[in-house]
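Student: Okay, here's the structure, questions in a sec.
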Amino acid sequence: MALFNRRPKNTPAIEQSPSAPVPVVTPRPTSDGKGITFPDKAAIDHWNRRVADAGLTVRGVEYNGQASYLTLAGSDAERAKAFLGNEFVDRELYYIVVETPDGTWGLDIGGLYLEQLRPWQLDTGSAEYEVPAGSFAGNSHGAELAKLGRVDNFLVWIGCGRCAHRWADGVRYQNRTLTRCPSCGAKNLVDSSNVEVVLVDEQPGPSSPLSTSSSVPTAYSGSEQQRERIARRIAELVDANQVHYGELSEEQQKQFTDWRHLDAIISSGDPPPDWIGRGVELRSIGHQLNREGGIRLMRETAAEADRVSTYHVVLEVITLFWGSIGDWQS
Ligand SMILES: [Zn+2]
């Protein structure tokens with residue numbers, strides 16, 4: 001108690017900056033997906049400064065009708081990676097990409113990724129050191145995607161065989177890949193045979209029996225307008241949940257997001273009680289989308305719903321209602 005009773009007499013006052021500090025804000029895509037938007041002017045200035053500090057320039061936003069790519073360019077891959085490491089992407093189908101002379105680095109909802117191996121990485125004969133792959137870095141699904149062949153690399157931590165510097169870099173799955181230490185330049189051959197992922201599909205998992213019910217063409221099918229209408233309906237339902245979910249009792253809340261309970265109501269064919277109606281409808285829409293276009297249509301429609309929604313929580317929330325429908329992972 002008496003240990004710390006002495007205090008310096010000239011305790012400095014805590015520095016109060018004249019204006020509140022600007023929190024780090026990553027721009028989000030505009031509702032049409034073709035631009036980016038910030039909450040206010042201060043956030044724009046702050047972000048522009050961070051872009052400049054990292055030696056980057058903004059190329060623009062590319063939108064392919066589904067995904068938005070905010071593209072920047074810079075001369076230094078390590079600084080680009082550090083910049084991306086401080087950005088925050090919280091939605092599917094949004095990518096921040098930095099083109100550098102040493103690869104195109106990106107950030108999506110899963111984390112950092114290298115778009116493609118650089119050609120020199122396949123020149124395994126020129127290695128000076130051989131090191132094992134370290135733990136996963138960057139995108140949490142990177143190794144799964146690499147195993148499936150959808151991407152040619154995934155990010156791991158690498159310890160340099162010469163100087164022990166650690167950095168994150170892209171390597172092939174279950175293979176040997178050349179990397180270069182950003183600190184000393186040593187050519188390290190990384191062996192990823194110590195990394196093995198088991199895909200969820202390879203394990204038996206719970207699956208809703210309604211997922212496999214036969215496909216019946218319905219009013220949902222087809223046109224772009226109908227898809228938009230469904231996306232708007234999902235947005236309405238999820239937005240209404242944001243407002244009214246708290247009014248439910250604890251027991252009701254449990255049933256509201258219990259897919260087995262929702263499926264039981266749907267199977268019964270009886271009209272659901274009012275309080276759980278929105279949950280049942282969201283679940284039914286999920287089944288319908290799955291029957292018509294599988295996981296891809298579900299994802300696209302959810303992303304569209306999120307864009308047109310008020311609270312932009314569709315992508316986080318929908319998984320409570322669509323768990324175990326087809327290939328949808330909860
Ligand atoms: Zn090194």
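All of the numbers you see were taken from the coordinates with simple rules; none came from a lab. Remember, predicted model here, so these are calculated numbers, not experimental data. For neighbour counting, all protein chains shown are included, and Cβ atoms are generated from backbone atoms with ideal geometry for every residue, glycine included.
Student: Among Pro273, Ser75, Phe256, whose Cα projects farthest towards the positive end of the dipole of the chain, with charges put on the beta-carbon of Lys, Arg (+1) and Asp, Glu (-1)?
Tutor: Ser75
Student: If you don't mind, there's one more thing I want to ask. Highest mean first, how do 186-196, 240-250 rank when packing is the count of other Cβ atoms within 10 Å averaged over residues?
Tutor: For the peptides 186-196, 240-250, the packing ranking is 186-196, 240-250.
Student: Separate question: 7 Å from Cα along Cα→Cβ at both Gln329 and Ala52: what's the point-to-point distance in nm?
Tutor: The answer from the label model is 4.2 nm.
Student: Using a Förster distance of 35 angstrom, determine the FRET efficiency expected from the C-beta separation of Ile295 and Leu248, and round it to 0.05.
Tutor: 0.75
Student: Sticking with this one: Eight or more residues apart or on different chains, and alpha-carbon atoms under 28 Å: count the Lys pairs in the chain matching that.
Tutor: 5
Student: Ok, one more. Over the chain, calculate the relative contact order: mean separation of alpha carbon pairs under 8 Å at least 6 apart, over the residue count, as a percent.
Tutor: Value for the chain: 10 percent.
Student: Sticking with this structure for a sec: Count the DSSP beta bridges whose two residues both fall in the chain, then state the antiparallel fraction as a percent rounded to the nearest 5.
Tutor: 75 percent
Student: Using alpha carbons only, how many degrees (0 to 90, rounded to 10) separate the axis of helix 277-308 from the longest principal axis of the chain?
Tutor: 40 degrees
Student: What distance in nm separates the two pseudo spin-label positions at Ala240 and His165, each 7 Å out from Cα along the beta-carbon direction?
Tutor: For Ala240 paired with His165, the spin-label model returns 5.8 nm.
Student: Let me ask something additional. Note down the magnitude of the dipole of the stretch 22-109 about its Cα centre, charges +1 on Lys and Arg C-beta and -1 on Asp and Glu C-beta and zero elsewhere, to the nearest 20 debye.
Tutor: The calculated dipole for the stretch 22-109 is roughly 200 debye.
Student: With the crude spin-label approximation of a point 7 Å out along Cα→Cβ, what separation in nm comes out for Ser268 versus Thr319?
Tutor: Simple spin-label model gives 2.9 nm for this pair.
Student: Here is a follow-up. Enumerate the amide H contacts of Ala137 below 5 Å, restricted to partners 5 or more residues apart or on another chain; note that Pro and chain-start residues carry no placed amide H.
Tutor: Here Leu155, Val156, Trp157 satisfy the definition.
Student: Taking the 0 to 90 degree range and rounding to the nearest ten, how far is the long axis of helix 259-268 tilted relative to the main principal axis of the chain, both from C-alpha atoms?
Tutor: Taking Cα atoms only, the helix is inclined about 20 degrees.
Student: Stretched out fully, how many nm does the piece from Ile109 to Val198 gain, at 0.36 nm a residue minus the Cα gap?
Tutor: 29.9 nm
Student: A follow-up question, please. Assign unit charges at the C-beta atoms only (+1 for Lys and Arg, -1 for Asp and Glu), then state the dipole size of the chain relative to its Cα centre in Debye, rounded to the nearest 20.
Tutor: Computed charge dipole of the chain: roughly 960 debye.
Student: Run the numbers on the stretch 22-109 and let me know its relative contact order in percent, using alpha-carbon pairs under 8 Å that are six or more apart.
Tutor: This gives 24 percent for the stretch 22-109.
Student: Which peptide among 118-126, 136-144 comes first, and what is the full order, when sorted by highest mean count of other Cβ atoms within 10 Å?
Tutor: By packing density, highest mean first, the sequence is 136-144, 118-126.
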